[in-house]
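Since the structure comes first, as structure tokens, the remarks are kept for the end.
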Amino acid sequence: MPVIVTKKAGTCTAAGCGGRIRKGEYVEYVAATGTRHLECAGAKQGQRPNLKAGTCRCGAAVAPRQGSLALKETVRRGRRRKVWLVSCLACTG
Ligand SMILES: [Zn+2]
Ligand SMILES: [Zn+2]
């Protein structure tokens, strides 16, 4: 995947990110999908980089950009909800 330096500010096209991309930032560019943060481009499907501090299910505090997020769908009273669960490095494996 080609990595480019952006010539103008834009928006990350990765699902679940949508964050800002600054001018001069290194990004991955794919004609079909547009520009993505490097950390978003490398994320596995169904996972995205953890950009906020959170708490893992084991109780460990997870700093931003450490660990990972996994999308989990829960159904409560017939309603589907999607929640991102933070996992620390030890639990991510
Ligand atoms: Zn992104
Ligand atoms: Zn954990």
Which fully enclosed strands (runs of 3 or more DSSP E) of the range 23-93 have 3 or more residues being at pLDDT below 85 and open to solvent by 30 Å² or more (accessible area, probe 1.4 Å)?
68-76, 79-87
Which pairs do you get when a residue that is more than 20 Å from L51 (Cα to Cα), found in the range 6-31, comes within reach of a residue that is charged (D, E, K, R) and open to solvent by 40 Å² or more (accessible area, probe 1.4 Å), reach meaning Cβ atoms under 6 angstrom, with the pair 6+ apart or on two chains?
T6/K23; T6/E25; K8/K23
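The values are calculated or read from the model by the stated rules, or taken from the named source; none is laboratory data. Everything numeric in this text was worked out from a predicted model, so none of it was measured. Methodologically, a virtual Cβ is constructed for each residue, glycine included, from the backbone with ideal geometry; neighbour enumeration extends over all protein chains shown. Protein only, heavy atoms only, side chains kept; ligands, DNA and RNA dropped before computing areas. Shrake-Rupley method; radii C 1.70, N 1.55, O 1.52, S 1.80 Å.
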